[in-house]
Amino acid sequence: GILQKVWSDFTRAVAEITANEKEAKEDYDDYKANTEKDIDEKEKLVEKKDGLVKGLSSSIGKLMEEEEDEQEKLGLAKDELEKLHGMCIVPAMSYEEKRAKRQQEIDGLKEASDYLEDLIQEKKAAD
């Protein structure tokens, strides 16, 4: 009676534990397989992105060198433009500067006129 009941409970408990262990092992094996697959996929993705980063870093380096060269060329072009502006564009004179320049021209013309008048007078006197 009691021994049979204990034996029956014991075998049932062993069967349940064995079934639970088997199910847990299957769950663990599935989890492990999925995790390993996921890790492999992510490692491949990391390798791919590392390659992409290296390529982009190289491109960035080349572009930065090109930018430095172009900036240098731009600076030289701006310097040359400034030189050309100085040669081509006459700065605006103030009213006083214009007046003084005009007065110099008038004085020069008067002096030339006086000189020519003197030459004419000398020529008439010599004749």
I need the fraction of alpha carbon pairs in region 17-77 separated by more than 14 Å, rounded to a whole percent. 75
Region 33-80 to region 89-114: how many Å between their Cα centroids? 64
Using helices alone, I'd like the mean residue ellipticity at 222 nm for the chain: each DSSP H run of four-plus residues gives -39500 (n - 2.57), total over residue count, nearest 500. -35500 deg cm²/dmol
Enumerate the calculated ³J(HN,Hα) couplings along region 99-112 in order (Karplus 6.51 cos²θ - 1.76 cosθ + 1.60, θ = phi - 60°), each rounded to whole Hz, writing x wherever the residue is Gly or Pro. 5, 5, 5, 4, 5, 4, 5, 4, 5, x, 5, 5, 5, 5
Quick calc, the chain, dipole around Cα centre from Cβ unit charges on Lys, Arg (+) and Asp, Glu (-), nearest 20 debye, gives 440
Between the residues Leu116, Trp7, Ser58, the Cα farthest towards the positive end of the dipole of the chain, that dipole coming from +1 and -1 charges on the beta-carbon of Lys, Arg, Asp and Glu, is from Trp7
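Rule-based calculations on the coordinates, nothing more; no lab input. All figures in this text were calculated on a predicted structure; none of them were measured in a lab. Every residue, glycine as well, gets a Cβ built from its backbone with ideal geometry; the counts of neighbours run over all protein chains shown.
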